[in-house]
Structures are given as C-alpha cells and as structure tokens.
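In what follows, a structure is listed as structure tokens, so that the remarks can point back to it.
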Ligand SMILES: Nc1ncnc2c1ncn2[C@@H]1O[C@H](COP(=O)(O)OP(=O)(O)OP(=O)(O)O)[C@@H](O)[C@H]1O
Ligand SMILES: [Mg+2]
C-alpha cells in the first residue's frame, strides 16, 4: 500500500487505472500529462509512479527524468502499447522499474505497482541506513570545552589543511579514530575516500596484501588481482589504526611508499604512483617501541611528523556532563528509548570514576543505563561502576566534582580567610601540575587553561619555585 502518482492525459484511462489500483488500498493522485506530473513530483512525495508513454504534452521518459531530478529512489512503471515496446525497453535502460503492456490485465498492473512501491521503500530504507552509518562513522564532532579538548581541536584545525602525516597517540577509547576522521573531514581531501584499516586485525601477509594489493597468483589463494587500500585511498586519506602492531616486513614496505609515493602490489614489478595522506593511530608509545627495536626508527620519524596526543578522559572530567548530553540524545535516537536525564547522584558517580576505558566506556555506560533505567531519570544504580571509585565510596571527590558548591563547601575549613584559602588552592594546583609535567611551564599553562604570562604572574605571586626539568 503506497502513494502512487498516475500519469495519463486521457481521463478515461486514468479512471480505469485508479479504480483498479484502489482495490489494493493505494492512495492515488492523478496527473493529467507530463507538465502536471512534473509539478506534482516537485510538490509531493510518492512511493511509485505509473505513467503512460505518449501523451499530448510529452513522453513518459520526461516523467522519468523529472523523477530522477526529484527523488531518485522513486520507482516508475511504464504503461506501454504493444507497438511501443522498443520504447519500453529504452525506458528500462534509462532506469524505469517495470513496464505493463496495454491493454493490461488487472493482476499484472497490481503486481507491478506493489513491487514498485516496495522497491521504493527499500531504497529509501537503504538510504536512511547509509545516512546513519555515515553519521555514526563520519561524525567528526569532537565534543568538549575543557582546555585539553580545545587544544586538540586547535591542533586538528592547524594540521588538517596540510598533507603532513599525523601520528595520533592515546589510550583506548579516547577518540583517536574520531580525531582521524575530523582531520580528513576538515582537509581539502574531504570529498575523497577516507579508508580505515586496523593493522592489529590482520596476519602479517594479509595486512600486506590488504595495504598494497596483490597480483593474481601472488600467493596461494590469490585467485584474482586486487588493489590495496593505498590505491583505494588515492587522493584521500588512509587511516592506519594500531600501527604499532605492524610487522617489520610491512613496516619496510610502508616506509617505501612514504619515501617515494610508489606502491608495489605483492607479486608485481610495476610500481603504481599514489597520492595518499597518512593518518596513523596507536595506543602504544611508538617512540619507546622504536628505542626497544620493536618498531623501525626511520619509519617512526616519518610517521610522527605531527604527533597529536588525545587526552584520557580522567584528564578532562569536566567534559563529562556535555558528553553525557550527547550520548543521551544519541541513545534516544539509536536505541529508540525516550529521552533520559541523569540524576545528580548518578552524575556524581560518573565524575568520580576514572574511566580506564575512556570516552567509549562512558558511552557504553550511558547506553546501558538508558536501557536499564525505567523512569525518566538515570540514577546511580544504573551505572555499575566499580564501588571503590564510585560516589558511594568515601573518597574525596576529585576536582571537577569538587566544583560542585556542596562538595566544595565540605572541603573548606569552616573558619577560613577566603583569600588565603584561594591562594593555597591555587598554589597546590600549580605545584601539582609542575610536578606532573616535570616543570614544563608551557604544558602546565595548557593544562590549567592559563596563558604563559598569566602562569608566570601566578608563580611569582605565590612564590612558587618552578622545578627545572
Ligand atoms: N570528544 C568526543 N566527543 C564525542 N564523542 C567522542 C569523543 N571522543 C570519543 N568519542 C566517541 O567515543 C567512542 C570511541 O572513540 P574512538 O573509536 O575514536 O576511540 P579510539 O581511541 O579509536 O579507541 P580504540 O583505541 O579502542 O580504537 C566513539 O563512539 C566516539 O564517537
Ligand atoms: Mg580506534
């Protein structure tokens, strides 16, 4: 049952078509010729079109063209007199869905109309799924307002327009792939392919053939020649995920591509020129692996032209509320649950957890809580975070939760001089950062969201001695 546009310039013919199609509960709209059909196609959405071939003001093929302009998923069925069967073949070639010869048998018309409607709906569903996948995969929205995430976004914006190879380091689930996609999407290559490959997912030989392709008969099982992902990513970006897991042999080949831009398929002697921007991610310390001899040092330096480090979630806990809002709305959309809110105690539990699985873990926790919670609000019980770090523990809340006035009040001695107290807090925070960074003032300023000069001022004001590295 669908909404069908019936196009014919003969009123009597339209009447017969409509009365037949009505048996199947279709909703029917009539168009008196090509011009009328064009107008209606631009105005309304249909699930199928049934059109005559030859009409006073034009041909069925023009209706087909109008359909392609307005709604390429819409299926068109041609009604065709026996004499114009060649025209019908031509219309099929141009993308018509089906044709029914006149005079028609009712069953044939109804069957064709039903299939046309079904086909349109399937194509639309497909389109919708593709959009969803694109949105999920291609979404390069990096959420967060913390100094750490702001800096990451700035770095992405600076590196994206260049062709430089980027090495993204970060713990699992921190958003390395999201960063890689963001770089591609903001680069001049954004309309070209973004090809992602997880180096850890392949055996040594398979990874090589995956990346560089192979010729027919290059190895047992290579029954066809196949282009590799480097060729597939031509003019676009290739994302090598878990690059630290690459074998020494694959590393040697990769180095060659990076040096001269030439790819050699396995079993081939003919190098192919490729233009690919490489984005690499790893959860390992590649520099250290290079020093240990587990990763080629020369390749490391080629990859780490621009090193980017994605912060662990525990380093920007203040982004949790905003990330929660994002994941709650995504969960409502994807899991088809009613929009949920997070209760204050649940939020406290989240802010006190240190998220070894980082943002992915937060996302999974929220999805699970959306499914488990029955009411509108998600409570702390819906977050099965380890008790030792959850809000139910007696642990002193860490900074972001402490920003909550209630918590803050608990930390402050009852009789305290405000200025003295604030100075002590500032001193403690700065000293801790100095210690954590080995005295790197630029890094301290970045972590604390201060300018270098502002930090210098505070160091002087509180007479903090900066440690030398
Ligand atoms: N800043 C962010 N804003 C919004 N969503 C994010 C952010 N960072 C990560 N995510 C989401 O968290 C999930 C994990 O991100 P991603 O897959 O990019 O991490 P990863 O570092 O590649 O993880 P792994 O090391 O496990 O491969 C994804 O669903 C991603 O969309
Ligand atoms: Mg990843």
Search segment 291-304 for residues that are in the same structural domain as residue 246 (by TED's automatic domain parsing) and pair each with any residue that is outside any helix (DSSP H, G or I) when their beta-carbon atoms are under 6 Å apart and the residues are at least 6 apart or on different chains. 303/165; 303/167; 303/280; 304/167
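Each row is one residue, and each column tells you yes or no for (1) in contact with a strand residue (DSSP E or B) (Cβ under 7 Å, 6 or more places away or on another chain); (2) within 18 Å of residue 110 (Cβ to Cβ).
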residue: 32; (1), (2): no, no
residue: 38; (1), (2): no, no
residue: 43; (1), (2): no, no
residue: 63; (1), (2): yes, no
residue: 79; (1), (2): yes, yes
For segment 203-215, indicate whether the set of residues that are assigned to a loop (DSSP other than H, G, I, E, B) and out of contact with any strand residue (DSSP E or B) (no Cβ under 9 Å at 6 or more places or on another chain) is non-empty. yes
Before we move on, is residue 238 surrounded by fewer than 19 Cβ atoms within 10 Å (Cβ to Cβ) and either within 16 Å of ligand 1 (Cβ to nearest atom) or more than 28 Å from residue 141 (Cα to Cα) (or both)? no
Can you work out which of the residues in segment 306-332 that are in contact with a strand residue (DSSP E or B) (Cβ under 7 Å, 6 or more places away or on another chain) and farther than 24 Å from residue 371 by Cα is farthest from ligand 2 (Cβ to nearest atom)? 306
Matching residues in segment 316-333 (in contact with a helix residue (DSSP H, G or I) (Cβ under 8 Å, 6 or more places away or on another chain), surrounded by fewer than 16 Cβ atoms within 10 Å (Cβ to Cβ) and either farther than 29 Å from residue 154 by Cβ or assigned by TED's automatic domain parsing to the domain that holds residue 244 (or both)) number 1
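Yes or no, residue by residue, for (1) in contact with a strand residue (DSSP E or B) (Cβ under 6 Å, 6 or more places away or on another chain); (2) at pLDDT 95 or above:
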{"residue": "244", "(1), (2)": "yes, no"}
{"residue": "267", "(1), (2)": "yes, no"}
{"residue": "270", "(1), (2)": "no, no"}
{"residue": "280", "(1), (2)": "yes, yes"}
{"residue": "287", "(1), (2)": "no, no"}
{"residue": "341", "(1), (2)": "yes, no"}
{"residue": "345", "(1), (2)": "no, no"}
If you scan segment 161-196, which residues turn out to be over 15 Å from the mean Cα position of the chain (by Cα) and either outside any loop (DSSP other than H, G, I, E, B) or within 12 Å of ligand 1 (Cβ to nearest atom) (or both)? 166, 167, 168, 169, 170, 171, 172
For segment 138-149, state whether one or more residues are within 16 Å of ligand 2 (Cβ to nearest atom), part of a helix (DSSP H, G or I) and surrounded by fewer than 18 Cβ atoms within 10 Å (Cβ to Cβ). yes
Quick one: which of 5, 40 is modelled with pLDDT of 95 or more and within 22 Å of residue 72 (Cα to Cα)? 5
What pairs come up if the first residue lies in segment 440-456 and is assigned to a loop (DSSP other than H, G, I, E, B), the second is surrounded by fewer than 19 Cβ atoms within 10 Å (Cβ to Cβ), and their beta carbons are under 6 Å apart, counting only those six or more places apart or on different chains? 449/147
Restricting to segment 197-208, give me the number of residues that are out of contact with any helix residue (DSSP H, G or I) (no Cβ under 7 Å at 6 or more places or on another chain) and either surrounded by 21 or more Cβ atoms within 10 Å (Cβ to Cβ) or within 15 Å of residue 180 (Cβ to Cβ) (or both). 1
Does residue 194 satisfy the criteria of being in the same structural domain as residue 251 (by TED's automatic domain parsing), more than 14 Å from ligand 2 (Cβ to nearest atom) and in contact with a helix residue (DSSP H, G or I) (Cβ under 9 Å, 6 or more places away or on another chain)? no
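The values are calculated or read from the model by the stated rules, or taken from the named source; none is laboratory data. All figures in this text were calculated on a predicted structure; none of them were measured in a lab. Cβ sites come from the backbone with ideal geometry, for glycine too, and all protein chains shown count toward neighbours.
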